[in-house]
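Structure first, commentary second.
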Amino acid sequence: MTTLFRPQVQKLATLSGHRDCVYALSGATDEAAIYSAGTDGFVVSWSLDDPTQDGELVARVENSVYALRYVPARRWLLIGHNFQGVQAIDLDARQLVHATALPPAAIFEILYDETRQRVYVALGNGQLAVLHTADLRLLQLVSLSDKSLRCLSLHAGRGELAVGSSDTRVYILDADSLAVKHTIAAGTNSIFTAAYSPDGRYLLTAGRDAHLRRWDVAVDYAEDLSVVAHLFAINHLTFSPDGQLLATCSMDKSIKLWDADSLRLLRVVDRARHAGHGTSVNRLFWSARQNRLVSCSDDRSLVVWQISREDSGTGS
């Protein structure tokens with residue numbers, strides 16, 4: 001017998017200020033500030049401790065931004081400036097400290113690797129750009145696909161980098177050599193999001209075909225489970241800070257909360273039930289500060305959700 005918990009969801013605030021679709025969120029789970037960006041080129045800082053505060057403009061770039069990565073150790077915010085490259089903003093000085101030109105393509109994901117002192121960048125031309133953390137100089141361009149690379153996730157324990165692509169595959173790279181170790185046929189359409197489970201046992205992937213899939217890392221990434229999770233494309237997935245819950249968001253305008261172990265659906269967060277977003281929900285950020293989940297959308301807004309637990313009884 002196990003005790004099951006059904007999360008309760010309360011909408012705390014709608015954060016407005018962007019002038020177009022919002023695609024990127026980043027922050028540190030233990031810090032109050034989160035950062036957003038989107039089609040309008042505005043990069044904005046918000047406070048999770050006081051979500052009624054107005055956002056603060058951190059930077060403005062010419063083109064759209066699909067990817068942000070906050071680096072707490074350096075107090076940098078890395079900005080994926082589409083068709084230009086990666087920029088690093090020193091958040092304390094509020095100034096640009098590095099800018100690296102990359103091939104003229106969309107930038108869909110940025111990942112920071114503290115151990116190897118690398119920054120990985122997923123490009124719309126099918127290349128993985130590898131930068132040195134110290135000054136963002138370009139170390140290597142790795143061609144993986146003839147379609148866009150959409151998402152990145154690092155398994156620190158195994159030294160493996162998962163790269164999801166619009167060619168329906170996920171490429172598992174050796175994080176040191178960048179050689180491809182495994183290729184997973186991970187869906188029937190573009191893979192938009194991938195994340196290793198906090199315990200490192202599984203890789204979870206999702207994308208345009210609306211399926212949530214789980215892969216067993218220890219068995220050469222064999223498929224472990226597949227769930228038809230949403231009506232339309234799944235844009236992003238993320239785990240709760242305690243690793244017990246999984247959140248997904250979709251073009252179907254909803255956020256769904258799942259039991260991380262069983263992938264049992266626990267809660268649907270949408271416009272009808274919780275006054276949620278009116279259009280596609282593009283990305284999520286789950287903060288350990290008071291267990292708050294942040295979502296962003298094509299409707300130009302962010303929403304801050306309070307997640308709490310309710311004992312729903314016992315089950316087998």
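The values are calculated or read from the model by the stated rules, or taken from the named source; none is laboratory data. Quick caveat, the model's predicted, so the values are computed rather than measured. All Cβ positions, glycine included, derive from the backbone under ideal geometry; neighbour counts span all protein chains shown. What goes into the accessible areas is simple: the full protein's heavy atoms, side chains included, and nothing from ligands, DNA or RNA. Shrake-Rupley method; radii C 1.70, N 1.55, O 1.52, S 1.80 Å.
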Hey, Ser47 without any contact (Cβ under 8 Å) to a residue 40 or more places away in the chain and open to solvent by less than 50 Å² (accessible area, probe 1.4 Å) or not: yes
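In the stretch 202-221, which residues are free of Cβ contacts under 8 Å to residues at least 60 places away in the same chain and not in a strand (DSSP E or B)?
Arg208, Asp209, Ala210, Ala218, Val219, Asp220, Tyr221
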Result of the Cβ filter at 7 Å on the stretch 173-193, keeping first residues that are touching a residue at least 60 places away in the same chain (Cβ under 8 Å) and partners that are surrounded by fewer than 19 Cβ atoms within 10 Å (Cβ to Cβ) and not basic (Lys, Arg), at least 6 apart or interchain, is Ala175/Asp113; Ala175/Gly159; Asp176/Gly159
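Given the criterion open to solvent by 60 Å² or more (accessible area, probe 1.4 Å) and assigned to a strand (DSSP E or B), identify the matching residue among Asp224, Asp242, Asp199.
When all the criteria are applied, what remains is Asp224.
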Residue by residue through the stretch 28-69, note down the ones that are under 21 Å from Phe192 (Cβ atoms) and either aromatic (Phe, Trp, Tyr) or part of a strand (DSSP E or B) (or both). Ile34, Tyr35, Ser36, Ala37, Gly38, Val65, Tyr66, Ala67, Leu68, Arg69
Could you grab me the full set of residues in the stretch 175-196 that are open to solvent by 40 Å² or more (accessible area, probe 1.4 Å) and either over 16 Å from Leu111 (Cβ atoms) or part of a strand (DSSP E or B) (or both)? Ser177, Ala179, Val180, Lys181, His182, Thr183, Ala185, Thr188, Asn189
From Val71, Val130, Val142, residue being under 18 Å from Leu173 (Cα atoms) and either open to solvent by less than 10 Å² (accessible area, probe 1.4 Å) or charged (D, E, K, R) (or both): Val130
Has the stretch 107-130 got any residue that is at pLDDT below 95 and either part of a loop (DSSP other than H, G, I, E, B) or within 28 Å of Tyr196 (Cα to Cα) (or both)? no
I'd like to know if the stretch 148-155 contains one or more residues that are in contact with a strand residue (DSSP E or B) (Cβ under 9 Å, 6 or more places away or on another chain), more than 24 Å from Val119 (Cα to Cα), of a type in the set (Ser, Thr, Tyr) and in a loop (DSSP other than H, G, I, E, B). no
Report, by residue number, each residue of the stretch 1-27 that is under 25 Å from Leu263 (Cα atoms) and not in a strand (DSSP E or B). Met1
